[in-house]
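Bear in mind these aren't lab numbers, they're just calculated from the coordinates by the rules spelled out. Just so we're clear, the structure is a prediction, and the values are computed from it rather than from any experiment. Ideal geometry is used to build each Cβ from the backbone, glycine not excepted, and the neighbour counts take in all protein chains shown.
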Amino acid sequence: MLGALVENAQVEAQDWNAQARKLVNQMTLTEKIMELHGLQDHSHQRYVPPIARLNIPALRIANGPAGVGPADDRKQEAATALPAPISLAATWDLEAAHRYGVIIGREARDLCDGLIEGPDVNIARVPQNGRTFEAFGEDPYLASQMGVGEIQGIQSQGVIANVKHFDANNQETKRFTINEIISERALQEVYLPAFKAAVQQGGAASVMAAYPRVNGTYCCENPELLDHILRQEWGFNGFVTSDFGAVHSTIPSAMAGLDLEMPNGKYFGTALEAAVESNEVPLSVIDEKLVRRFRTMMAFGLFDHPLEPRPIPARPDGLKGLQIAEEGMVLLKNIGNELPLGPAKLGRIAVIGPYAAKAMTGGGGSSHVVPLYTVDPVEGIQERAGSLVKVDYADGKDIGEAVSLAKTVDEAIVMVGDHETEGRDHALTLSGNQDELVEAVAAANPHTVVILKTGTAVLMPWVDRVPAILEAWYPGEEDGNAVAAVLFGDVNPSGRLPLTFPQDLADLPANTPGQYPGVNDTVDYSEGILVGYRHYDARHLTPMFPFGYGLSYTTFECKNLAISPGNISSQSNSNQVINVTLDVTDTGKRAGQEVIELYIGLPSTSAIPQPPKELKQFAKVSLKPGKTRHVLMQLDEKSLCCWDTEAHNWTVLPGTYRVMVGYSSLDLPLQGAFTVN
């Protein structure tokens, strides 16, 4: 029933609007102000209080990029610790994104939370960002589509998704004060598309305004972002909350379009009430803020269907998270078919390293989830290997001890990683002695597999000295089982990188102090639209591992590319599509999944120069050995658009559009073209 309520929310918008307006007209000014900010005290943290006189329910809020995180209660309740969102992005699977959202939405309802702060769709402009693990990588199209799937999953459960952080929350260094200088085109083509898709495709019912300043103005008081773009251009009819403590003013924030200050009323409390009484903020502006939130809550059933606590189905939800973790793992290297492991050929395994003892359930900060249970790595590997295989463990602090152990075993599995957290950025080098540990173990045993548990790209000075590398990200509470399933081949790895892994820090798009972390509280996005793989392509730089890359235990072949029609007119109608078809065959001996990636090279002009290619479509297909799947991908007008800064609008340029299809941004064997007249 709740899902139906949400689906019908747009149809009945006028009814909810009328009911909300009638309710607001019955409120006193003091009551109105009370509903425009959170209540923060010894027992409340993410909470907008009720008004019993008018039957207005409380709004309990929880954080939620990686599962139900910190919520209203000061004591955080346990929930399913899902694999990190960057792992979800690595699945390139829209159905997985929807399942991920369903788990979060339903568990939020089980814990009586009506709004979940997520997903995070900010672009990974710099991989050093401490919250890279919370979002979906470097590409606007991939982030858009994964975000849409998750939002629809969350909201199907009658819980409001709060897409964040609007906009360009791309670093933690000086996040409260940093001023980001971003060109109009970069904003429109790189940093806004995922939010636009969240609103227009995903139907996100709320948006969180971010900490930074964009082109001189804080996001929470930025009328260009909150009013002109979000509401007027995109038609957003939900409500806007602030990030915690992101509000810096009363009147500018109120007039720009912020609806709810969190977590308290520093600016939207007595100061806002005084501004209304002095006619500096019209009462009508206050009323509209409340109408927007109340009609949204009504549409989601939060007025008529009070939330009641229910037990979370821990094991069923954990198993769903396990499947997503398995699907998100990216096999980066596999020389000589080192993987999968065959238990029948192994007598003894060493599991070594600082990330081998405990499950890596997620990153730190406000997205941290208290897991309902955990499966540790050694436990999962021993269970899968069976009783005939001895599994030994060393934490790796003493490299000599680790080397001695590695020399005695058939296979050495080294688990290294990072621990990203909100509030600080971090280096891309592995901390402590982890690089030295990998080098030493690999020298001691030629059968060394490295498992990376990271929230972002990392540098690997030892990359040429190990036969196999598996990027496991933060696998969530089922860490041990997920890693074991891929190591032993129960699951054929099908993850693909959602961000580029560089060979050197100097190769990054933002590689000067002015670009990152900024100078004098200002950061210049002077790389423009050349973010991620666009930069590597344009500068002819070879990364360690490219965007979209990932290996499999089987092999695939794409052929028979066809593009129809070959010519279209930019002046005809906006509903025309380009059909791109091809055949994909599993040419190996195992069943597997392949991600087919479609990139477009737009015609470049001196006025609007283009990167060599941009991701515009993708499809994930499952195949049995020897089987072929016919794949159709469609390009619409949005796929062909670029931003014209002079016209301040989208445009489709005439010329030849190159079509490139394949397996990563650097492996695109099928190529063709069509023409826009």
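Annotations for the structure displayed:
- Rounded to the nearest 20, the Cβ-based charge dipole of segment 326-505 about its Cα centre (Lys and Arg +1, Asp and Glu -1) stands at 380 debye.
- Per-peptide average of other Cβ atoms within 10 Å, ordering 75-88, 28-41 highest first: 75-88, 28-41
- Rounded D (µm²/s) - segment 554-676, Kirkwood Rh over Cα pairs, Stokes-Einstein at 25 °C, 0.890 mPa s: 159
- Across all directions, the average flat footprint of the convex hull enclosing the Cα atoms of segment 61-171 is 6.2 nm².
- Check: the chain dipole with +1 on Lys, Arg Cβ and -1 on Asp, Glu Cβ, in debye: 1060
- Footprinting exposure proxy ranking of H228, H535, H165, H540, fewest other C-beta atoms within 10 angstrom first, gives H540, H228, H535, H165.
- Unsatisfied cross-links (Cα-Cα over 27 Å) in the set K559/K613; K320/K638; K559/K620: K320/K638
- Estimated from the Cβ-Cβ distance and a Förster radius of 45 angstrom, the FRET efficiency linking A673 and T28 is about 0.10.
- Expressed as a fraction of 2.2 N^0.38 Å, the value expected for a compact globular protein of N residues, the C-alpha radius of gyration of segment 326-505 is 0.96.
- Selection from V531, F166, C558 lying farthest towards where the dipole of the chain points positive, charges on Cβ: C558
- Put a plus charge on the Cβ of each Lys and Arg, a minus charge on the Cβ of each Asp and Glu, and nothing anywhere else: the dipole of segment 215-274 about its Cα centre is then about 80 debye.
- q = 0.06, 0.07, 0.11 Å⁻¹: log10 I(q)/I(0) that the Debye formula gives for the chain, counting C-alpha atoms only: -0.34, -0.46, -1.13
- Relative contact order of the chain, taken over Cα pairs closer than 8 Å and 6 or more residues apart, is 15 percent.
- Modelled this way, with points 7 Å down the Cα-to-C-beta line, the labels at T605 and N520 are 3.6 nm from one another.
- Straight-distance candidates among the lysines for linking to K266, with alpha-carbon spacing under 23 Å and chain neighbours fewer than 8 residues away dropped: K32, K164, K174, K289.
- The order of M208, M360, M633, going from fewest to most other C-beta atoms within 10 Å of their C-beta, is M633, M208, M360.
- Among V416, V351, W473 - extreme Cα towards positive end, dipole of segment 326-505, charges at beta-carbon: V351
- Between L341, A482, P371, the Cα set farthest toward the positive side of the dipole of segment 326-505 (charges on each charged residue's Cβ, about the Cα centre) is that of L341.
- When the alpha carbon coordinates of segment 2-299 are projected onto the principal axes, the ranges are 50, 41, 40 Å, largest first.
- Summary of packing: across the peptides 644-652, 266-274, the per-residue average of other C-beta atoms within 10 Å ranks them, highest first, as 266-274, 644-652.
- Mean sequence separation of contacting Cα pairs (under 8 Å, at least six apart), scaled by the length of segment 2-299, corresponds to a relative contact order of 20 percent.
- For segment 156-304, the normalised intensity computed at q = 0.08, 0.14, 0.17 Å⁻¹ comes to -0.21, -0.66, -0.97 (log10 of I(q)/I(0), Debye sum over alpha carbons, equal scatterers, no solvent).
- The R53 and K266 beta-carbon pair, evaluated with R₀ = 25 Å, returns a calculated FRET efficiency of approximately 0.45.
- Modelled spin labels at S564 and A357, positioned 7 Å past Cα toward Cβ, are 6.2 nm from each other.
- Across segment 326-505, Cα pairs under 8 Å and at least six residues apart give a relative contact order of 37 percent.
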